[in-house]
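Worksheet: one structure, shown below.
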Amino acid sequence: MSFVITTPLYYVNDKPHLGSIYTTLICDSIARYKRLSGEKVIFITGVDEHGLKIQRTAIIKGTDPQTHCDEVSNLFIQNWKDWDITYDKFIRTSSNKHEAIVNDFYCRVKKSDDIYMGVQKGWYCVGCEEFKDNQDNSPTRKCPIHQKTLEWKNEENLFFRLSKYQSQIEDLIDDPSFIQPKERRNEIINFVSKGLKDFSISRTNVSWGISVPDIPNHTFYVWFDALLGYVSAISNDMNNISLNESINNGWPADIHFIGKDILRFHAVYWPAMLLSAGMKVPKKVFGHGFLTREGQKMGKSLGNVLDPNQLISKYGKEAVRWYLLKDISLGSDGDFQNKRFVDIINNDLANTIGNLLNRTSSMSRKWFDNRVPNDEKLSNDNSLELYSNEAIKNYKKYFNSYELDLASKVILDYAINTNLYLNERQPWILIKDEINIPIVSNIIYNVLESTRIIGLLLLPILPNLSSKIDNQLGSLYDNKNSWYQQLSWGLLQPNSILPKPKPIIEKLEYE
Ligand code: MSP
């Protein structure tokens with residue numbers, strides 16, 4: 001059994017921005033945590049390449065859609081590499097294997113008698129690739145997300161019988177663990193309670209899409225196509241591409257991570273489509289908040305995005321990872337502010353964690369011949385050990401409930417508490433009298449041991465910073481023992497050599 005986790009499949013109308021990096025970092029961190037905890041993981045990400053939005057982008061660029069998609073998809077792949085994203089599967093919806101899965105799926109849904117021809121009339125947002133209800137009395141008819149004027153559509157489309165699944169969807173969302181966080185669940189409960197309407201799943205004016213097998217001039221609606229990317233991603237066998245193969249490889253997903261704007265598609269339309277095809281529904285859908293700038297959603301269409309590559313070269317990826325994962329509660333929106341960003345990195349990583357490690361290592365080197373001191377069990381002072389065990393327990397609890405901000409805060413609090421421990425005991429005064437050497441050894445050992453565990457706890461969140469901490473302590477990570485086992489107190493070897501300390505992260509300057 002594998003733990004299957006997915007990012008959304010990103011539109012390739014433009015290169016990735018910080019909003020797309022955000023969700024992907026969250027999933028990366030969770031995937032790393034699960035692997036470290038001994039689980040098998042399938043981490044799926046990829047790109048959504050079809051539809052009117054992409055077709056138009058290619059036309060404006062003066063290129064054909066496939067060339068455009070190849071270029072932008074490569075940018076996503078490169079970005080994921082730059083950010084150390086440890087995905088297992090990267091799916092492109094313009095791939096042949098994906099097309100085969102969409103066709104297989106369509107046949108199943110048709111067999112369930114859930115497809116019929118009808119007429120679709122309404123106001124459409126090309127940015128969302130979605131019809132917007134209740135526009136008749138709106139004077140502006142603009143999409144609140146993209147701020148673009150909606151377009152009127154009136155055409156013959158295939159429809160999916162969503163209404164048939166009303167009670168099954170009600171039962172599904174009744175389970176509080178299906179949609180997280182709970183405010184988002186209430187939105188969906190409210191939406192479903194108004195009665196589900198059938199939705200159109202084909203288009204006649206969009207050539208850049210997968211052709212509906214038996215109906216000339218119809219291509220599949222981009223969402224009907226894209227959602228299946230989660231399934232086609234896990235098909236391995238190129239000679240035997242089928243839904244059954246994907247099902248055997250690990251479907252259903254354990255969790256879909258998505259932004260709150262596309263929750264309806266994932267928590268209502270998608271499960272109904274799967275039920276129609278006789279497939280299992282995902283176990284959980286997590287609708288996170290938006291990254292904003294000046295309070296407005298950061299987005300390609302709005303042109304207020306932060307360029308991830310610039311952020312890497314200016315601040316380094318560990319700094320950005322920490323800010324996004326620790327400072328923003330997953331369910332809420334998070335505003336990106338330069339001053340706050342610099343303050344958080346300097347306080348949390350450079351001062352609290354970095355200085356703790358460097359000053360303790362320096363003291364140890366000076367007083368104990370460049371080594372870790374002996375762990376003299378002279379005193380009854382096991383307060384750091386007890387604190388550590390409690391912190392690890394809380395950290396696991398928060399990671400398992402996807403509260404990454406709280407898991408990160410556990411690590412920071414652990415470092416704050418360890419600084420306090422050191423400052424209260426003042427080994428630099430005790431060391432002046434030789435009689436205190438055993439007590440000082442014990443204090444320094446406890447603090448170094450805490451930094452080792454802090455480094456390990458940082459591994460799924462800040463992998464590079466974590467290995468820098470490990471290097472400062474003499475490269476202790478070992479492959480023989482599991483990460484869990486390495487979290488046990490007392491594994492730092494007394495008398496082992498401590499390398500010369502250097503800052504694990506540079507302090508940032510205000511702009
Ligand atoms: N292609 C669809 C998803 C199909 S999934 C089968 C799509 N793509 S998108 O590129 O427009 O958005 C992808 C994800 O990025 C969405 O979850 C969206 O919420 C998220 N974000 C886009 N801008 C964002 C922010 N400013 N902040 C956080 N997430 C943001 O929708």
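The values are calculated or read from the model by the stated rules, or taken from the named source; none is laboratory data. This structure is a prediction, so every number in the text was calculated from the model and none was measured. Here the Cβ positions follow ideal geometry from the backbone for every residue, glycine too, while neighbour counts run over all protein chains shown.
Quick test of your reading of the structure: ASN205 fulfils all but one of (1) within 16 Å of the ligand (Cβ to nearest atom); (2) over 28 Å from the mean Cα position of the chain (by Cα); (3) of a type in the set (S, T, N, Q). Name the failing condition by number.
It fails just one condition, (1).
If we scan segment 66-74, do we find a residue that is touching a Lys or Arg at 6+ places or on another chain (Cβ under 7 Å) and closer than 22 Å to VAL285 by Cα? I'd like the intermediate steps shown before the answer.
Pass one, segment 66-74, residues touching a Lys or Arg at 6+ places or on another chain (Cβ under 7 Å): 68, 72-73.
Those still in the list that are closer than 22 Å to VAL285 by Cα too: none.
Looking through segment 66-74, none of the residues is touching a Lys or Arg at 6+ places or on another chain (Cβ under 7 Å) and closer than 22 Å to VAL285 by Cα.
Can you tell me which residues in segment 1-14 are within 11 Å of the ligand (Cβ to nearest atom) and part of a loop (DSSP other than H, G, I, E, B)? Can you show your working first?
In the first step, residues of segment 1-14 are kept if they are within 11 Å of the ligand (Cβ to nearest atom); the result is 6-14.
Across segment 1-14, the qualifying residues are VAL12, ASN13, ASP14.
Cβ-Cβ below 9 Å, separation at least six or inter-chain, first residue in segment 160-177 and within 15 Å of PHE265 (Cα to Cα), second of a type in the set (D, E, K, R) and part of a helix (DSSP H, G or I): which pairs?
Sorted first by the residue in segment 160-177, then by its partner, the pairs are ILE173/ARG185.
Which fully enclosed strands (runs of 3 or more DSSP E) of segment 243-324 have 3 or more residues being more than 23 Å from HIS98 (Cα to Cα)?
Values: elements: 255-259, 285-288, 291-293.
Counting at least 3 such residues, we get 285-288, 291-293.
Going through ILE497, ILE444, ILE461, ILE454 one at a time, which residue ends up being surrounded by fewer than 16 Cβ atoms within 10 Å (Cβ to Cβ) and among the aliphatic types (A, V, I, L, M)? If you could, list the steps in order and put the result at the bottom.
Numbers: ILE444 fails: surrounded by fewer than 16 Cβ atoms within 10 Å (Cβ to Cβ); ILE461 fails: surrounded by fewer than 16 Cβ atoms within 10 Å (Cβ to Cβ); ILE454 fails: surrounded by fewer than 16 Cβ atoms within 10 Å (Cβ to Cβ).
ILE497 is the lone residue from the list that is surrounded by fewer than 16 Cβ atoms within 10 Å (Cβ to Cβ) and among the aliphatic types (A, V, I, L, M).
Output the residues belonging to segment 285-322 that are within 12 Å of the ligand (Cβ to nearest atom), among the aromatic types (Phe, Trp, Tyr) and surrounded by fewer than 22 Cβ atoms within 10 Å (Cβ to Cβ).
PHE290
I'd like to check something: does segment 158-168 contain any residue that is within 19 Å of ASN96 (Cβ to Cβ), polar (S, T, N, Q), surrounded by fewer than 22 Cβ atoms within 10 Å (Cβ to Cβ) and touching a helix residue (DSSP H, G or I) at 6+ places or on another chain (Cβ under 9 Å)?
Within segment 158-168, the subset within 19 Å of ASN96 (Cβ to Cβ) is none.
Taking every residue of segment 158-168 in turn, none turns out to be within 19 Å of ASN96 (Cβ to Cβ), polar (S, T, N, Q), surrounded by fewer than 22 Cβ atoms within 10 Å (Cβ to Cβ) and touching a helix residue (DSSP H, G or I) at 6+ places or on another chain (Cβ under 9 Å).
Are any residues in segment 389-405 touching a residue at least 24 places away in the same chain (Cβ under 8 Å) and under 25 Å from ASN355 (Cβ atoms), and if so, which ones?
Listed by number, the residues that qualify are ASN389, ALA391, ILE392, TYR395, LEU404, ASP405.
Pairs please, first residue from segment 225-242 and farther than 14 Å from TRP270 by Cβ, second anywhere and acidic (Asp, Glu), Cβ atoms under 7 Å, 6+ apart in sequence or on different chains.
Listed pairs, sorted by first residue: SER235/GLU245; ASP237/GLU245; SER242/ASP104.
In segment 15-25, which residue that is part of a helix (DSSP H, G or I) and within 10 Å of the ligand (Cβ to nearest atom) is surrounded by the most Cβ atoms within 10 Å (Cβ to Cβ)?
Taking segment 15-25 first, the residues part of a helix (DSSP H, G or I) are 18-25.
When the remaining residues are screened for being within 10 Å of the ligand (Cβ to nearest atom), the result is 18-24.
Details: LEU18: 19, GLY19: 21, SER20: 27, ILE21: 25, TYR22: 25, THR23: 22, THR24: 23.
The extreme case among them is SER20.
Filtering segment 26-44 down to residues that are closer than 15 Å to PRO282 by Cα and surrounded by 24 or more Cβ atoms within 10 Å (Cβ to Cβ), which residue is nearest to the ligand (Cβ to nearest atom)?
ILE44
Determine which member of the set HIS256, HIS266 is surrounded by 20 or more Cβ atoms within 10 Å (Cβ to Cβ), more than 30 Å from ILE59 (Cα to Cα), modelled with pLDDT of 95 or more and not hydrophobic (A, V, I, L, M, F, W, C). So that I can check it myself, show each step before the final result.
Numbers: HIS266 fails: more than 30 Å from ILE59 (Cα to Cα).
Answer to the selection: HIS256.
Out of curiosity, is ASP82 more than 12 Å from the ligand (Cβ to nearest atom) and buried (at least 17 other Cβ atoms within 10 Å of the Cβ)? Talk me through it step by step, then tell me what you get.
Values: more than 12 Å from the ligand (Cβ to nearest atom): yes; buried (at least 17 other Cβ atoms within 10 Å of the Cβ): no.
Answer is no for this residue.
Being basic (Lys, Arg), part of a helix (DSSP H, G or I) and farther than 18 Å from LEU227 by Cα is the filter; apply it to segment 31-79 and report the residue that is nearest to the chain's Cα centre (by Cα). First the steps, then the outcome.
Going residue by residue through segment 31-79, those that are basic (Lys, Arg) are 32, 34-35, 40, 53, 56, 61.
Subsequent filtering for residues that are part of a helix (DSSP H, G or I) retains 32, 34-35, 53, 56, 61.
Checking the rest, the ones that are also farther than 18 Å from LEU227 by Cα come to 32, 34-35, 56, 61.
On the way: ARG32: 11, LYS34: 13, ARG35: 15, ARG56: 29, LYS61: 31 Å.
Ranking the candidates gives ARG32 first.
From LEU356, LEU384, LEU412, which residue is surrounded by 18 or more Cβ atoms within 10 Å (Cβ to Cβ), of a type outside the set (Lys, Arg) and in contact with an Asp or Glu (Cβ under 7 Å, 6 or more places away or on another chain)? Don't jump to the end; show me each part of the working.
Details: LEU356 fails: in contact with an Asp or Glu (Cβ under 7 Å, 6 or more places away or on another chain); LEU384 fails: in contact with an Asp or Glu (Cβ under 7 Å, 6 or more places away or on another chain).
Exactly one residue qualifies, and that residue is LEU412.
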